[in-house]
1. Give the Rg/Rh ratio for the range 185-262, taking Rg as the radius of gyration of the Cα atoms and Rh as the Kirkwood radius, to two decimals.
2. Residue by residue through the range 8-23, which ³J(HN,Hα) values in whole Hz follow from phi under the Karplus form 6.51 cos²θ - 1.76 cosθ + 1.60 (θ = phi - 60°), with glycine and proline marked x?
3. Give me log10 I(q)/I(0) at q = 0.09, 0.13, 0.15 Å⁻¹ for the chain, Debye formula, one equal scatterer per alpha-carbon, no solvent.
4. Can you list the HN-Hα couplings for the range 57-74, worked out from phi with the Karplus curve (6.51, -1.76, 1.60; θ = phi - 60°), rounded to whole Hz and with x for Gly and Pro?
5. Quick one: which residues, 5 or more positions from Leu177 or on another chain, have an amide H under 5 Å from its amide H? H modelled 1.01 Å from N in the peptide plane, none for Pro or chain starts.
6. Just to check I understand the Karplus step: with θ = phi - 60° and J = 6.51 cos²θ - 1.76 cosθ + 1.60, what whole-Hz values come out for the range 182-199, glycine and proline as x?
7. Can you list, bin by bin at 10 Å, the percent of alpha carbon pairs in the range 43-94, starting at 0?
8. What whole number of Å gives the distance from the Cα centroid of the range 56-93 to the Cα centroid of the range 172-187?
Amino acid sequence: MIVVTTPTGQIGREVLDRLLALRLDAGGCAPAAGGANGATGIRVIVRDPARLPARVRENVEVVQGSHADPGALKEACEGADRMFWLVPPTPQAPSVAGHFRDFTEPLREVTGAAGVRRIVGVSTLGRGTAKNAGIISASLAMDEAIAEMDVHYRALCAPFLRENLLGQAALIRDAGLVALPGNGVLRTCATSDVAATAVRLLRDDSWTGFEDVPLAGPDDLSPEDMVRIVAEVLGRPLRLQPVDGARYRAMLLGAGASEDWARGAGDMMTALNEQGFYGAAQPATPDTTPTGFRQWCEEVLKPAVLG
Ligand SMILES: NC(=O)c1ccc[n+]([C@@H]2O[C@H](COP(=O)([O-])OP(=O)(O)OC[C@H]3O[C@@H](n4cnc5c(N)ncnc54)[C@H](OP(=O)(O)O)[C@@H]3O)[C@@H](O)[C@H]2O)c1
C-alpha cells in the first residue's frame, strides 16, 4: 500500500495520477492490497476529499485529515509500506522551522518496525552548501530528521521549480517582466519530472538507507537566457526582474505571509543568490529530469499565460 500526501497539490496530484494510470494499465480498478508493479493499493490523506476528482476518489482509499495530524497520519499509514511525503508551502505558518517540525514529528509515530518502511520525500538541492537559507535549511533539516528514523528514505532534491513561473502569469502578460533569482546558471526542473522520479522510486523496493536524488533539468541557462526563451515562446518582449532576499521578503509580507515565513523566504533567496547551490556546481541530471526549459514553456507556461 502506497500513501500519497498532498494529493491535490502540484506534485502530489501528478504522483497520484501516474500511480493510478499504472495501476489501471495493470488491470486493477479497485484499490488492491499489496504487491508491486502497478497493482499496489493507493491511499491518500487529504484535508478535503471533495477537492479530489471523482475518478480519483473512486479508485483510491481516502483518509480525511492533514498529515500534520498524528491521528490522521496514523490511520493513513495503517498497513502501508511506502509513502510519498511533501511538506506543503504555508506562508501563514507562524514559524518556518516549527512548520516543518509539525509535519515531521507525527511521521516518527508511523515509521519503523510496524509501519511505513520506505519514504520518498520532496526536498531541495543545497545539502552541505546552503547556510542560513531559511526554508531551504528547514527542508534539509527535515530530511536529516527522517534519515534518523527507522526507515529507508530518498530525498528528491529539487532546484527552482519552473511552476513558480505560473504564479507570475499576470506579471509576464501585463508588465512584460519575469522575476527570477540567481547569478549565472540557474538549475530548474518541471514538477512532472519530480513526480515521475517519485513514482519510479515508490514502485521500486530494492533501495535502502538514505540518499539524495538531485533533480536538475537538462539546460545550462542563466535567468537572462530563461527570459529570452520565454519571450521567444510567447512572441513578446520581456525583461528580467532580478529577485533578491529583501524584495522577496517584502513581497511575501505584502501578500499576508507571517513575519517568520517572509524572513525564511527572504533568507532562502539571499542564500540562493550568494551561495550558488542552485547553480552550475550542481551537474544537470537529464536522465531523471529530461524536460527542457523551452519544451516546458511551450507545453505549460504558454497556455497559462496566453490561454
Ligand atoms: N518552489 C520551489 O522552487 C521549490 C524548490 C525546491 C523544493 N520545493 C518544495 O516543493 C514542494 C512544493 O510542492 P507543491 O508545488 O506540490 O505544493 P502545492 O501545489 O502548494 O501543494 C501543497 C498541497 O498541500 C496541501 N496542504 C496545504 N496545507 C496543508 C496542511 N496544513 N495539511 C495538509 N495538507 C496541506 C494543499 O492541499 P489542500 O488545500 O487541498 O489541503 C496543497 O494542495 C514543497 O515541499 C517545497 O518545499 C519547492
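Since every read-out is calculated from the coordinates, none of them should be taken as a lab result. Remember, it's a predicted structure, so these values are computed and weren't measured experimentally. Positions of Cβ are backbone-derived with ideal geometry, glycine not excepted, and every protein chain shown enters the neighbour counts.
1. Details: Rg = 17.9 Å, Rh = 16.2 Å.
Here Rg/Rh amounts to 1.11.
2. Here the 3J(HN,Hα) series is 9, x, 4, 7, x, 4, 6, 4, 5, 4, 5, 5, 5, 4, 5, 5 Hz.
3. -0.45, -0.96, -1.26
4. 4, 6, 10, 9, 7, 10, 10, 8, x, 9, 6, 8, 9, x, x, 5, 5, 4
5. HN-HN under 5 Å from Leu177: Ile172, Arg239.
6. x, 10, x, 5, 10, 6, 9, 8, 8, 4, 5, 6, 5, 5, 4, 5, 4, 5
7. Per 10 Å bin, starting at 0, the Cα pair percentages come out as 23, 51, 24, 3.
8. Using only Cα atoms to place each centre, the spacing works out to 34 Å.
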